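A.B. asks: Pasting in a structure now, in structure tokens, and then I'll have a few things to ask.
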Protein chains: 2
Amino acid sequence: MNSYVFNSIGYVNSPYLKAEGTPIQSVKGSKEQARIIIFDDFIDGLKDLDGFSHLIVLSCLHKAVKSSLHVTPFLDTVPRGIFATRAPSRPNPIGISIVKLISIEKNMLIIEEFDLIDGTPVLDIKPFIPDFDHRENVTVGWYANKKGNAQRTKDDGRFSND
Amino acid sequence: MNSYVFNSIGYVNSPYLKAEGTPIQSVKGSKEQARIIIFDDFIDGLKDLDGFSHLIVLSCLHKAVKSSLHVTPFLDTVPRGIFATRAPSRPNPIGISIVKLISIEKNMLIIEEFDLIDGTPVLDIKPFIPDFDHRENVTVGWYANKKGNAQRTKDDGRFSND
């Protein structure tokens with residue numbers, strides 16, 4: 001086991017102030033807005049990003065509590081191996097959020113369709129590219145009979161230290 | 001700026017021994033195989049993962065050299081802001097690989113369709129779920145007229161310290 005240190009490149013300003021009540025995944029079509037504030041040292045890296053409609057935001061899930069390797073996900077009623085879930089209480093609490101980019105104003109990214117809590121540290125931003133990021137013929141294990149529920153389910157705080 | 005420490009949960013055994021010559025993205029349909037070795041402490045977290053056909057592997061791009069915030073991506077000929085590219089030389093070199101899961105044997109995940117170099121430290125594994133991870137009506141900036149090239153382009157070592 002080796003350790004790796006990452007420094008945040010910015011943070012999220014979000015209307016969701018705590019885990020409880022926050023969407024568990026990006027809600028498609030939502031017009032609610034948040035901002036990603038990028039630290040000055042990294043602003044140059046935003047060049048050319050405005051041509052992309054969707055971004056992959058890697059974040060540190062800073063409110064997630066430590067948990068065991070078996071968790072009951074929001075969308076299920078029985079414990080699952082943590083790596084078979086998207087729950088935030090993971091050995092390394094790194095989140096993936098695919099968000100919609102509305103505009104860039106200097107060091108601020110205005111976004112919609114997010115599931116990010118206010119103050120979340122941002123580790124990386126990548127452009128979402130369907131050629132790279134879509135897959136066909138996917139099977140989804142325990143999630144197969146939970147389809148469609150994610151868009152209306154809110155976090156109930158079970159993985160958070162708020 | 002805050003620092004976050006993550007410990008690897010495992011590592012990759014791959015036929016690609018260095019960056020040069022490695023696919024720049026997962027090659028769909030490739031039958032070449034690699035293994036992800038999970039450290040003993042985390043094996044319990046693999047429960048239920050075998051029902052999923054595709055995994056999101058978060059890794060530390062340990063061979064990436066530091067670079068400026070403008071890089072010329074493999075698929076382009078002019079420098080772009082690093083956050084508008086998927087180049088590995090990023091402020092935080094965290095990689096996202098969507099791979100095909102073939103089987104799980106104790107602490108070993110046999111995978112296909114990968115772009116991972118031998119020895120890559122693995123930070124997290126999440127199930128790929130199209131409901132969460134697909135987007136429609138996506139625009140892709142500078143990449144728009146490079147479509148289709150990613151599947152046949154190999155890394156030329158420009159971001160690596162091999």
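Bear in mind these aren't lab numbers, they're just calculated from the coordinates by the rules spelled out. Since the model is a prediction, treat every value here as computed from it, not as a measurement. In this analysis, Cβ positions are derived from the backbone assuming ideal geometry, glycine residues included, and neighbour counts consider all displayed protein chains.
A.B. asks: Return an integer: the convex hull volume of the alpha-carbon atoms of the stretch A:99-162, in Å³ per residue.
C.D. replies: 161
A.B. asks: Same structure again: Under the definition of partner shielding as Cβ atoms of other protein chains within 10 Å of a residue Cβ, what is the mean value for peptide A:34-45?
C.D. replies: If you average over the peptide's residues, the count of other-chain Cβ atoms is 3.
A.B. asks: Short version: ³J(HN,Hα) in whole Hz for each residue of the stretch B:57-67, in order, from phi by Karplus 6.51 cos²θ - 1.76 cosθ + 1.60 (θ = phi - 60°), x for Gly and Pro, what are they?
C.D. replies: Values, residue by residue: 9, 9, 9, 8, 7, 6, 9, 6, 7, 5, 9 Hz.
A.B. asks: If you don't mind, there's one more thing I want to ask. Based on alpha-carbon atoms only, what is the radius of gyration of the protein assembly as shown relative to the globular estimate 2.2 N^0.38 Å?
C.D. replies: Compactness ratio reported: 0.92.
A.B. asks: I would also like to ask the following. What's the local net charge at A:K18, with K and R +1, D and E -1, over the other residues with C-beta under 11 Å away?
C.D. replies: Net local charge, A:K18 excluded: -3.
A.B. asks: Calculate the FRET efficiency for A:N145 and B:K18 from the Cβ-Cβ distance with a Förster distance of 30 Å, rounded to the nearest 0.05.
C.D. replies: E between A:N145 and B:K18, to the nearest 0.05, is 0.10.
A.B. asks: Calculated from DSSP H runs of 4 or more alone, at -39500 (n - 2.57) each and per residue, what is the 222 nm mean residue ellipticity of the protein assembly as shown, nearest 500?
C.D. replies: -500 deg cm²/dmol
A.B. asks: Averaged across A:105-117, how many Cβ atoms of other chains sit within 10 Å of each residue's Cβ atom?
C.D. replies: That works out to 0 on average.
A.B. asks: Next question. For A:F114, enumerate residues with amide H under 5 Å from its amide H, sequence gap 5+ or separate chain, H modeled in the peptide plane.
C.D. replies: A:V27
A.B. asks: Compare B:N92, B:N107, B:N13 in a GNM of chain B, Cα atoms joined below 10 Å, and give the one with the largest fluctuation.
C.D. replies: Comparing B:N92, B:N107, B:N13 in the GNM, the peak value goes to B:N92.
A.B. asks: Around B:L123, which amide H atoms from residues at least 5 apart in sequence, or from another chain, sit under 5 Å from its own amide H, with H modelled in the peptide plane?
C.D. replies: Under 5 Å from the amide H of B:L123 lie the amide H atoms of B:I9, B:L58, B:S59, B:C60, each far enough along the sequence or on another chain.
A.B. asks: Another question about this same structure. ³J(HN,Hα) across the stretch A:79-93 via Karplus (A = 6.51, B = -1.76, C = 1.60, θ = phi - 60°), whole Hz, x for Gly/Pro?
C.D. replies: For the stretch A:79-93, the Karplus-derived couplings read x, 10, x, 4, 6, 9, 10, 10, 4, x, 7, 10, x, 10, x Hz, x marking Gly and Pro.
A.B. asks: Could you list B:F114, A:F42 in order of exposure, starting from the residue whose Cβ has the fewest other Cβ atoms within 10 Å?
C.D. replies: Sorted ascending by nearby Cβ count, the order is A:F42, B:F114.
A.B. asks: Per residue of B:52-61, how many C-beta atoms from partner chains lie within 10 Å of its own C-beta, taken as a mean?
C.D. replies: 4
A.B. asks: Under a 5 Å amide H to amide H cut-off, with H placed in plane at 1.01 Å, what residues pair with B:T153 once short-range neighbours are removed?
C.D. replies: Under 5 Å from the amide H of B:T153 lie the amide H atoms of B:I24, each far enough along the sequence or on another chain.
A.B. asks: Each residue of the stretch B:36-53 in order: what ³J(HN,Hα) in whole Hz does its phi give by Karplus 6.51 cos²θ - 1.76 cosθ + 1.60, θ = phi - 60°, with x for Gly and Pro?
C.D. replies: Per-residue couplings from phi come out as 9, 9, 9, 5, 3, 4, 10, 4, 4, x, 7, 3, 6, 6, 5, x, 9, 8 Hz.
A.B. asks: Add +1 for every Lys or Arg and -1 for every Asp or Glu among the other residues with Cβ under 12 Å from the Cβ of B:R90, and state the total.
C.D. replies: +2
A.B. asks: I'd like the per residue volume of the convex hull spanned by the Cα atoms of the stretch A:10-130, given in cubic angstrom.
C.D. replies: Each residue corresponds to 113 Å³ of Cα convex hull volume.
A.B. asks: In whole Å, what is the distance between the alpha-carbon centres of the stretch A:122-141 and the stretch A:81-112?
C.D. replies: What the calculation gives is 12 Å, centre to centre.
A.B. asks: If I take every Cα pair under 8 Å that is 6 or more residues apart in chain B, average their sequence separation and divide by the length, what percent do I get for the relative contact order?
C.D. replies: 40
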